[in-house]
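**Student:** Sharing a structure below in structure tokens format, with a few things to ask.
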Amino acid sequence: MQPIKLPRATLPKPVDLPRIDLKVPSARIPSYTPMVIPPSDLEAPEDVEKEKTSEQPEPPSLRIPVLDIQMPVPETAVVVTAVTTAVVAVATTTVTQSLFEPIKKKVQKQLQAKINKWKEKKKKESSESSKTQPKTKNTKSKS
């Protein structure tokens, strides 16, 4: 038996690359200040007096000099809601009016034409019925 001859591969020499030194990574650890939440059954000690709370401040008002009255100024959220509603209503009305105006005119013309035909038909019927009906005399019968 003869030995098996296997082909030999000739590989190129490796490329000499320069060595790169990398710094060791560092991380910033997040930190926070803890929030203290008191328990729900927390009460003041007996010897401590409760702090007197002041009344709510007056809402802002506007002085109208001619009428000499104070008018309360509404909150910003109320004013924004009212203005937004008004703008949407005006925009919707303007757009729909321009869309429906031509349709309204066409429908009005068609309805007026139908009404005119109906009037003419009634007029003809009434004039024909008055021509065809004989005039009757009222005679009193003696009994």
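The values are calculated or read from the model by the stated rules, or taken from the named source; none is laboratory data. Note that the structure is a prediction, hence the values are computed from the model and not measured. Methodologically, a virtual Cβ is constructed for each residue, glycine included, from the backbone with ideal geometry; neighbour enumeration extends over all protein chains shown.
**Student:** Looking at ARG63, ARG19, ARG28 in this structure, which one is loosely packed, with under 10 Cβ neighbours inside 10 Å, at negative phi and assigned to a strand (DSSP E or B)?
**Tutor:** Criteria check complete, one pass: ARG63.
**Student:** Can you tell me which of (1) more than 30 Å from PRO57 (Cβ to Cβ); (2) modelled with pLDDT of 95 or more is the one THR85 doesn't meet?
**Tutor:** THR85 satisfies all of (1) more than 30 Å from PRO57 (Cβ to Cβ); (2) modelled with pLDDT of 95 or more except (1).
**Student:** Would it be correct to say that GLN56 is at pLDDT below 90 and either surrounded by 10 or more Cβ atoms within 10 Å (Cβ to Cβ) or not in a loop (DSSP other than H, G, I, E, B) (or both)?
**Tutor:** No; evaluated as a whole, the condition is false for this residue.
**Student:** Go through segment 39-61 and report how many residues are acidic (Asp, Glu) and under 30 Å from VAL79 (Cα atoms).
**Tutor:** Residues in segment 39-61 being acidic (Asp, Glu) and under 30 Å from VAL79 (Cα atoms): 2 in total.
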